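Here it is: the structure, laid out below.
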Ligand SMILES: NC(=O)c1ccc[n+]([C@@H]2O[C@H](COP(=O)([O-])OP(=O)(O)OC[C@H]3O[C@@H](n4cnc5c(N)ncnc54)[C@H](O)[C@@H]3O)[C@@H](O)[C@H]2O)c1
């Protein structure tokens, strides 16, 4: 059900790869809520993903960009403003990638060139988007910028690897830039810390099936899925959350505040001493 929450608003959505992507669901929902927007992803993702289909469905233009490349990003912002005939109201940063995860390098043996790439793609790109938007004065007063994070920024979760470091940095950038952008231009900057979700990036995390099951059982409301994350993003882009900024907002069914659940206690009391860890991992 649509509420016209984004009627007349203009945005940029980074990171829709296929119909499982969180950014894809955000684009569909933003379209239903009356927004117009451009879509961006890497040339490779555009070639191999399904973003053109999303662009047709939502009447939007796709602008290629490697989010680590300042020229590419500037082009996305300038071209978007040209298409809209004015400034932007919202930006979604839904970008993440780790070569250490992809190449199965464990955290105590990471490759530092890969780490630099992880940080650049998954966190510093957010700073680049913000810095360019600020310099180009591309965002309207009371605009809203959201990036997607994960609880591994605060807690250690098996297998998340150097993406945990990237998410910590991402959340820090939201606070530091959020202060400046709020003070000078009344623009909100937040991160949403989302439950583990079945997407191309999500499925790359080691032991993801066990993780999804664990967090689902530990969360009183269960895991939040990609569509529910999109719904939350829409509220943050809307005028109903104008004073929310510099926050990392957990969207995880309550997982982040759990210690021990009834279900986990019951399982634990059955005894885990005989469990063979090789079967688990
Ligand atoms: N899936 C989960 O479990 C989960 C949980 C919490 C947060 N997140 C975060 O949500 C965001 C979106 O991920 P998703 O789960 O929808 O997966 P996804 O694989 O659909 O999206 C990741 C996107 O990042 C893009 N990308 C990678 N390198 C890029 C680059 N150099 N320049 C521009 N774009 C690039 C990919 O092309 C892809 O579209 C990521 O930041 C991810 O870390 C995901």
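The values are calculated or read from the model by the stated rules, or taken from the named source; none is laboratory data. Everything numeric in this text was worked out from a predicted model, so none of it was measured. Glycine also receives a Cβ, built like all others from the backbone with ideal geometry; neighbour counts cover every protein chain displayed.
For the subset of region 1-27 comprising residues that are more than 13 Å from the ligand (Cβ to nearest atom) and out of contact with any helix residue (DSSP H, G or I) (no Cβ under 7 Å at 6 or more places or on another chain), which member is modelled with the lowest pLDDT?
The qualifying residue modelled with the lowest pLDDT is 1.
Among the residues of region 32-55, is there at least one that is in contact with a helix residue (DSSP H, G or I) (Cβ under 8 Å, 6 or more places away or on another chain), without any contact (Cβ under 8 Å) to a residue 12 or more places away in the chain and over 18 Å from residue 143 (Cβ atoms)?
Checked against the condition, which is being in contact with a helix residue (DSSP H, G or I) (Cβ under 8 Å, 6 or more places away or on another chain), without any contact (Cβ under 8 Å) to a residue 12 or more places away in the chain and over 18 Å from residue 143 (Cβ atoms), region 32-55 yields at least one hit.
Surrounded by fewer than 18 Cβ atoms within 10 Å (Cβ to Cβ), under 24 Å from residue 241 (Cβ atoms) and without any contact (Cβ under 8 Å) to a residue 60 or more places away in the chain: is that true of residue 180 in this structure?
yes
Let me ask another. Regarding residue 253, is this residue modelled with pLDDT of 95 or more, surrounded by 15 or more Cβ atoms within 10 Å (Cβ to Cβ) and either assigned to a helix (DSSP H, G or I) or away from the ligand (no atom under 13 Å from the Cβ) (or both)?
No, not satisfied.
Could you list, in sequence order, all residues of region 133-151 that are touching a strand residue (DSSP E or B) at 6+ places or on another chain (Cβ under 9 Å) and either in a strand (DSSP E or B) or within 15 Å of the ligand (Cβ to nearest atom) (or both)?
139, 140, 142, 143, 144, 145, 146, 147, 148, 149, 150, 151
Consider region 49-63. How many of its residues are within 9 Å of the ligand (Cβ to nearest atom) and at pLDDT 95 or above?
Result for region 49-63: 1.
Right, another one. Are there helices (runs of 4 or more DSSP H) fully within region 1-93 with at least 1 residues that are more than 13 Å from residue 129 (Cβ to Cβ) and within 16 Å of the chain's Cα centre (by Cα)? List them.
By residue number, 22-32.
Only residues in region 189-218 that are within 16 Å of residue 24 (Cα to Cα) and at pLDDT below 95 count as the first member; pair them with residues that are within 12 Å of the ligand (Cβ to nearest atom) and assigned to a helix (DSSP H, G or I), Cβ under 7 angstrom, at least 6 apart or cross-chain, and list the lot.
If the second residue must be within 12 Å of the ligand (Cβ to nearest atom) and assigned to a helix (DSSP H, G or I), the pairs left are 199/22; 199/226; 202/208.
In the list 203, 228, which residue meets the criterion of being within 9 Å of the ligand (Cβ to nearest atom) and under 17 Å from the mean Cα position of the chain (by Cα)?
Exactly one of 203, 228 is within 9 Å of the ligand (Cβ to nearest atom) and under 17 Å from the mean Cα position of the chain (by Cα), namely 203.
Next question. Of the conditions (1) closer than 26 Å to residue 260 by Cα; (2) part of a helix (DSSP H, G or I); (3) near the ligand (Cβ under 10 Å from one of its atoms), residue 193 satisfies every one except a single condition; which number is it?
(2) is the only condition that residue 193 fails.
Which one of these is surrounded by 15 or more Cβ atoms within 10 Å (Cβ to Cβ) and touching a strand residue (DSSP E or B) at 6+ places or on another chain (Cβ under 6 Å): 23, 45?
Of 23, 45, the one residue that is surrounded by 15 or more Cβ atoms within 10 Å (Cβ to Cβ) and touching a strand residue (DSSP E or B) at 6+ places or on another chain (Cβ under 6 Å) is 23.
While we're looking at this one, here's another question. Before we move on, is residue 130 in a strand (DSSP E or B), closer than 17 Å to residue 170 by Cα and either in contact with a strand residue (DSSP E or B) (Cβ under 8 Å, 6 or more places away or on another chain) or without any contact (Cβ under 8 Å) to a residue 24 or more places away in the chain (or both)?
So residue 130 fails the test.
Let me ask you something else. Inside region 94-108, can you point out the residues that are in contact with a helix residue (DSSP H, G or I) (Cβ under 9 Å, 6 or more places away or on another chain) and assigned to a helix (DSSP H, G or I)?
99, 100, 101, 102, 107
While we're looking at this one, here's another question. If you go through region 64-106, how many residues are surrounded by fewer than 16 Cβ atoms within 10 Å (Cβ to Cβ) and farther than 16 Å from residue 40 by Cα?
Adding up the residues that qualify gives 6.
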